[in-house]
Amino acid sequence: MGSRKGFELDLIGIMLVALVGLGILIFFVSGTLRDSVEQGFCYLTQKIGINPSWCRPPGIPMEAIPVEYRTVNDMGVNLAAYSIKCWMEASKSEKKKDTVCFELFIKNHPGRLSEEDFTKIMESGGGCEALQNYMVKDDSGNLVEFSGDCGDKDEIDWQIFGNVISDQALIRIEYDTTLNKIVIKG
C-alpha cells in the first residue's frame with residue numbers, strides 16, 4: 001500500500017510539471033517568443049541590407065500620429081514639443097540603443113519650416129532650456145551657427161529632405177545614441 005501512495009504522488013507531480021510546462025509553452029508561443037523571433041529575424045535581415053516590408057525598425061510606434069496645422073508656427077511648436085519630450089525621456093532613462101519616439105503623419109502643410117525657423121520657435125517658447133540647438137542647416141544643407149541664442153550645444157540633427165519641411169507626409173523624431181542627439185527625419 002505504501003508504494004501505491006508513492007506512485008500517486010509521483011503521478012500528481014508529473015501532471016503538475018506537465019501542466020506548468022504546457023502553460024509556459026502557450027505563453028511563449030502566443031506572443032513573447034514569436035515577437036522575439038520576429039524581432040531577431042528583422043534585426044539580422046536589416047543588418048545585411050534586406051528590409052522586408054513587415055519588419056519595422058525597433059522602437060517605431062505601430063501607427064503614426066495624425067496631425068493638422070493651421071500655421072507654420074503651430075507645426076514648429078508641435079515638433080519642438082515632441083522633440084523635447086523625446087529628449088527628456090531618452091536622457092532620463094539613459095537608453096543604450098537608438099529609439100524612435102514619434103512618427104507624425106502631417107495631413108496638411110501650412111507652409112515651409114526650416115531648421116532656422118524651427119529653432120527660432122523653440123527659442124521664443126523657452127524650449128532651448130531643455131533641448132539646445134547651436135548649429136542649424138540652411139536651405140542648402142550647410143551647417144551654420146544659429147542666429148539667435150539656443151544654447152551652446154548642438155543636440156538636434158535635422159535630416160529633412162531638401163532641408164525644409166514643405167510637403168513631407170511623415171516626420172520621424174528619434175533619439176540617436178551614437179550622436180547623442182534628437183534626429184528629426186522627413
Mind listing the long-range amide H neighbours of Lys181? Cut-off is under 5 Å, sequence gap 5 or more, other chains count too, H placed in the peptide plane at 1.01 Å from N. Asp176
For the pairs Lys92/Lys153; Lys153/Lys185; Lys92/Lys181; Lys92/Lys137; Lys107/Lys137, note any where the Cα-Cα span goes beyond 23 Å. Lys92/Lys137; Lys107/Lys137
Show me, bin by bin at 5 Å from 0, the whole-percent P(r) of the stretch 137-186 based on Cα pairs. 5, 19, 24, 25, 20, 6, 0
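Since every read-out is calculated from the coordinates, none of them should be taken as a lab result. The structure presented is a predicted model; accordingly, all values stated were derived computationally and were not measured.
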